[in-house]
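The values are calculated or read from the model by the stated rules, or taken from the named source; none is laboratory data. All of these numbers come straight from a predicted model, not from anything done at the bench. Counting neighbours? That spans all protein chains shown, and the Cβs are built from the backbone with ideal geometry, glycine included.
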Amino acid sequence: MSSLLSPESLAFCAKVMEKSGVSENIYVYGCQDFPPKSSFTCAREEAEIVISGAVGDVLAKTGVDPRDIGVVIVNISTFNPVPSLSAMIVNRFKLREDVLSYNLGGMGCSAGVIAVDLAKRLLQGRRNTYALIMSLESPTSSYYLGDDRSKLLSNCLFRMGGAAILLSNRPSDRLSSKYELKHTVRTHLGADDRAYKCVSQEVDKDGNIGMTISKDLMAIAGEALKANITAVGPLVLPISEQFLFLATLVARKVLKIKGIRAYIPDFKLAFEHFCIHAGGKAVLDEVEKKLSLTKWDMEPSRMTLYKYSNTSSSSLWYELAYAEAKGRIKKGDRIWQIGFGSGFKCASGVWRALRTINPAQEDNPWIDVIDQFPVTL
């Protein structure tokens with residue numbers, strides 16, 4: 001792929017990567033082929049590999065019969081072939097004829113939590129069934145070959161990744177489940193033109209399709225996060241923190257008292273673990289600052305970015321797997337997943353651990369290398 005970019009574009013990408021907080025050992029599917037395969041062919045192969053591996057693993061681990069799955073949801077941003085990827089799962093694993101199948105496209109990196117929210121709502125209408133979620137990204141399909149620097153950023157940041165999640169509303173599964181879903185909260189700023197356009201797929205002057213990332217992204221992400229935590233706070237925070245937040249809000253907005261800063265609640269009173277979408281170093285720096293988190297709190301997100309780069313919606317599950325591999329998850333612990341996505345959206349998932357996770361009994365992508373982390377960035 002590098003031979004298809006100009007020297008100037010390659011130099012720009014190299015400069016971005018040096019400051020990205022990402023390891024040099026990041027894999028891009030299809031780049032070993034010469035002549036290069038088409039982006040569509042690479043993307044389909046990429047999706048088949050990730051889906052068959054992840055879904056096969058989760059079914060093997062849980063012992064669930066594919067015919068017992070009542071809901072299947074795939075979320076992926078830019079690669080949406082025909083038949084759909086959700087249909088690929090139905091075909092490969094021979095799901096039943098009345099399965100509710102959904103394929104969420106173009107929803108960005110927050111779509112993993114959005115898929116969980118959709119699954120939760122669908123399970124509320126069906127009894128004793130399972131919902132299978134496949135969160136993945138296939139950046140090969142949208143690899144940009146032009147010289148527009150705002151579009152070259154996506155080449156530097158996004159990489160292949162995927163995770164399969166199985167949700168159940170069967171009471172008998174509570175004893176064997178890892179986590180209980182407590183809340184999902186979705187915030188959408190798409191009515192604002194500036195937020196709507198800050199991440200968008202466009203054609204450049206030469207006809208090359210690419211993902212434009214605007215300079216407004218960090219400001220918009222901050223606004224989305226603020227709106228989302230305002231909605232999450234009352235659901236999870238102790239009364240004392242809610243009172244302080246409300247009191248400062250009234251003083252600033254209603255009484256118009258100058259000099260009073262917005263009170264940011266201490267979310268460490270509500271959560272033991274934070275899984276923040278590994279969208280990039282700047283995104284993680286901003287969330288760390290906004291929520292007053294520690295290096296320990298941010299470690300799963302930063303190490304996921306370092307080892308896997310931005311795997312879009314699946315990054316939240318790589319981060320949770322990191323915490324599991326480190327032996328951090330104890331029974332009763334509360335986990336906050338925060339995802340950001342084009343549109344512009346912010347979505348939160350709140351979970352509670354139903355049991356202590358023993359790393360020795362886990363098989364996740366970190367197990368073989370976890371002793372090497374954290375690394376110094």
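Among the criteria (1) touching a helix residue (DSSP H, G or I) at 6+ places or on another chain (Cβ under 6 Å); (2) surrounded by fewer than 17 Cβ atoms within 10 Å (Cβ to Cβ); (3) under 22 Å from Trp317 (Cα atoms), the one Arg96 does not fulfil is (3). Within the range 123-157, the set of residues being buried (at least 21 other Cβ atoms within 10 Å of the Cβ), out of contact with any Cys (no Cβ under 9 Å at 6 or more places or on another chain), outside any helix (DSSP H, G or I) and at pLDDT below 85 comprises Tyr144 only. Among the residues here, Gly349 does not qualify as loosely packed, with under 15 Cβ neighbours inside 10 Å and not assigned by TED's automatic domain parsing to the domain that holds Leu118. Inside the range 185-203, can you point out the residues that are surrounded by fewer than 20 Cβ atoms within 10 Å (Cβ to Cβ) and touching a strand residue (DSSP E or B) at 6+ places or on another chain (Cβ under 6 Å)? Within the range 185-203, Arg186, His188, Ser200, Gln201, Glu202, Val203 qualify. Restricting attention to the range 102-153, the residues being out of contact with any strand residue (DSSP E or B) (no Cβ under 7 Å at 6 or more places or on another chain) and more than 20 Å from Ser315 (Cα to Cα) number 9. Contact annotation: no residue pair with Cβ atoms under 6 Å, 6 or more positions apart or on different chains, pairs a residue in the range 253-269 that is outside the structural domain of Ile229 (by TED's automatic domain parsing) and at positive phi with a partner that is surrounded by 11 or more Cβ atoms within 10 Å (Cβ to Cβ) and not β-branched (Val, Ile, Thr). Within the range 286-305, if we keep just the residues that are touching a residue at least 40 places away in the same chain (Cβ under 8 Å) and in contact with a Phe, Trp or Tyr (Cβ under 8 Å, 6 or more places away or on another chain), the residue that is surrounded by the fewest Cβ atoms within 10 Å (Cβ to Cβ) turns out to be Glu299. Scan the range 332-362 for residues that are under 18 Å from the mean Cα position of the chain (by Cα) and of a type in the set (A, V, I, L, M, F, W, C) and the total you get is 9. Kindly establish whether Phe344 is buried (at least 24 other Cβ atoms within 10 Å of the Cβ) and in contact with a Cys (Cβ under 9 Å, 6 or more places away or on another chain). Yes.
Looking only at the range 49-87, how many residues end up being closer than 11 Å to Leu136 by Cβ and in a helix (DSSP H, G or I)? The number of residues fulfilling the criteria is 7.
On inspection, Phe93 passes the criterion of being among the aromatic types (Phe, Trp, Tyr), at pLDDT 95 or above and either under 27 Å from Phe340 (Cβ atoms) or touching a Pro at 6+ places or on another chain (Cβ under 6 Å) (or both).
Whether a residue is touching a strand residue (DSSP E or B) at 6+ places or on another chain (Cβ under 8 Å), without any contact (Cβ under 8 Å) to a residue 60 or more places away in the chain and in the same structural domain as Pro139 (by TED's automatic domain parsing) was assessed, and Val99 passes this test. Hey, among Ile338, Ile329, which residue is in contact with a helix residue (DSSP H, G or I) (Cβ under 8 Å, 6 or more places away or on another chain), at pLDDT 95 or above, surrounded by 14 or more Cβ atoms within 10 Å (Cβ to Cβ) and assigned to a loop (DSSP other than H, G, I, E, B)? After ruling out the rest, the residue left standing is Ile329.
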